[in-house]
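Reviewing the structure listed below.
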Amino acid sequence: MKDKFAATLFTVRDELKSAGIGPVFKEIAEMGYAGIQLSGLPPGYDQDEVAYHLKKNGVATAGMHVSFDRLTNEFDLVRQEAKKYGTTDVFCPYLPESLQTESGYREVKKTLNGLAKAAPELRIGYHNHAFEFETQLEGMDALAYLLEPREDNAIFAEIDVFWVAKGGHDPLSYVEPYKGRMPVIHLKDMTADEDRTFAEVGEGIIDFPPLLQWGERHGIEWYVVEQDVCKGAPMDSLRMSLSNLHRFADALQEQKQKK
C-alpha cells in the first residue's frame with residue numbers, strides 16, 4: 001500500500017513559485033511519497049522540466065488536474081501532456097459558478113463523456129468539492145449524477161473525502177458505488193473544532209483505515225494527500241500526513257497477518 005501514496009502539488013503551489021519545480025519534487029520524493037499528482041503548477045510551467053524532475057526523482061505521476069476550460073479548448077494538447085508524464089488519469093478539479101447549475105452539470109457530464117470517447121487511452125474523471133451537494137438532478141445530488149456508475153457513463157470518480165464529509169455525508173458510505181471506477185482518491189482530514197477546516201491526514205475526525213481497506217479491495221491505485229490550507233509549512237503538513245498513512249498501513253498489514 002505504501003507504494004500508492006502520492007502528494008498533489010496544489011498543497012505546495014506557493015512553494016513551486018518560490019523554490020521551483022526541481023527542489024519541490026526532490027523534497028516530496030525524499031519524504032517517501034511514491035507519486036506526485038500534477039495540480040497547482042505555476043502559470044507557464046515547462047512541461048519538459050516537469051517530466052525531467054519526475055524521472056530524476058523516481059516518482060510516478062498520480063494523475064493530472066486540468067481545468068474544464070482547458071479540457072474543452074486544448075484537449076489535444078492535454079492528451080500529449082499526459083503521455084509525456086506517463087499518466088492516463090485526467091481529472092476536472094473544479095467548476096466555475098456558471099456551471100454549478102442543473103443545466104451546467106448536464107453540459108459537464110456530456111462534455112466529459114465526449115472527451116472519454118475521443119481519447120480511449122485516458123481515464124477522464126471528476127474531483128468534487130461540497131457545492132455539488134447543493135444541486136439535485138434526476139433524484140440524486142449533482143456529484144452522484146456526474147459519477148453515476150452506468151455503462152453509458154465513462155466518467156471516473158476522484159472522491160475527495162474531506163469535501164464529502166463537509167457536505168454532510170459519511171465518506172466510506174459515499175464511495176461505495178464507485179468500486180472499480182475510482183483509480184485515485186483524495187485524502188485530507190477535518191478538524192474536530194466548530195470550524196471543521198483542513199487538517200493533516202490522521203490528525204482530525206475522518207476515519208482513514210476503513211477507507212484504505214476499501215480502496216485495497218476495490219481498485220484504488222493512488223491515495224493522494226491534499227491539504228488546501230495549512231496552518232504551518234505545507235511541506236511539514238505533507239510529511240505528517242505521510243507518516244500517519246504509513247502508520248495506518250503498518251497497522252492494517254499487522255492485522256492482516258494475524259488473521
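Report yes if some residue within segment 223-243 is open to solvent by less than 20 Å² (accessible area, probe 1.4 Å), more than 19 Å from L16 (Cβ to Cβ) and assigned to a helix (DSSP H, G or I); otherwise report no. The answer is no, given that none of the residues of segment 223-243 is open to solvent by less than 20 Å² (accessible area, probe 1.4 Å), more than 19 Å from L16 (Cβ to Cβ) and assigned to a helix (DSSP H, G or I). A count restricted to segment 199-216 and to residues that are over 15 Å from W163 (Cα atoms) and either without any contact (Cβ under 8 Å) to a residue 12 or more places away in the chain or open to solvent by less than 10 Å² (accessible area, probe 1.4 Å) (or both) stands at 3.
Considering each residue of segment 179-218, count those that are part of a loop (DSSP other than H, G, I, E, B), more than 30 Å from R150 (Cβ to Cβ) and of a type in the set (D, E), and give that number.
Qualifying residue count for the region: 5.
Can you confirm whether E158 is acidic (D, E), open to solvent by 40 Å² or more (accessible area, probe 1.4 Å), touching a strand residue (DSSP E or B) at 6+ places or on another chain (Cβ under 7 Å) and closer than 26 Å to R239 by Cα? No; evaluated as a whole, the condition is false for this residue. Within segment 122-178, if we keep just the residues that are acidic (D, E) and assigned to a loop (DSSP other than H, G, I, E, B), the residue that is nearest to T101 (Cα to Cα) turns out to be E138. Yes or no: segment 114-129 includes at least one residue that is surrounded by fewer than 16 Cβ atoms within 10 Å (Cβ to Cβ) and under 15 Å from L147 (Cα atoms). Yes: one or more hits.
Being among the acidic types (D, E) and either over 18 Å from the mean Cα position of the chain (by Cα) or open to solvent by 70 Å² or more (accessible area, probe 1.4 Å) (or both): is that true of E176 here?
Yes: the conditions hold for E176.
Entry remark, segment 136-147: residues being more than 23 Å from V224 (Cβ to Cβ) and buried (at least 16 other Cβ atoms within 10 Å of the Cβ) number 2 in total. Cβ separations smaller than 6 Å between residues 6+ apart or across chains give the following pairs from segment 108-137 residues that are within 19 Å of V164 (Cβ to Cβ) and free of Cβ contacts under 8 Å to residues at least 60 places away in the same chain to residues that are assigned to a loop (DSSP other than H, G, I, E, B) and open to solvent by less than 20 Å² (accessible area, probe 1.4 Å): Y126/I155. Any chance you could count how many residues in segment 1-32 are of a type in the set (S, T, Y) and either out of contact with any helix residue (DSSP H, G or I) (no Cβ under 6 Å at 6 or more places or on another chain) or open to solvent by 10 Å² or more (accessible area, probe 1.4 Å) (or both)? Count: 2. Of the residues making up segment 42-51, those that are open to solvent by 30 Å² or more (accessible area, probe 1.4 Å), in contact (Cβ under 8 Å) with a residue 24 or more places away in the chain and not acidic (D, E) number 2. Take L38 and tell me if it is touching a Phe, Trp or Tyr at 6+ places or on another chain (Cβ under 9 Å) and either polar (S, T, N, Q) or under 24 Å from E148 (Cα atoms) (or both). Answer is no for this residue. For segment 53-100, a residue qualifies if it is closer than 19 Å to I28 by Cα and exposed (fewer than 15 other Cβ atoms within 10 Å of the Cβ), and the qualifying residues are K55, K56, G58, G86.
The values are calculated or read from the model by the stated rules, or taken from the named source; none is laboratory data. This one's a predicted model, so the numbers in the text were calculated from it and none came from an experiment. With ideal geometry, Cβ positions are generated from the backbone for all residues, glycine too; neighbour counts draw on all protein chains shown. Each accessible area value is taken on the protein alone, full model and side chains, heavy atoms only, with ligands, DNA and RNA left out. Shrake-Rupley method; radii C 1.70, N 1.55, O 1.52, S 1.80 Å.
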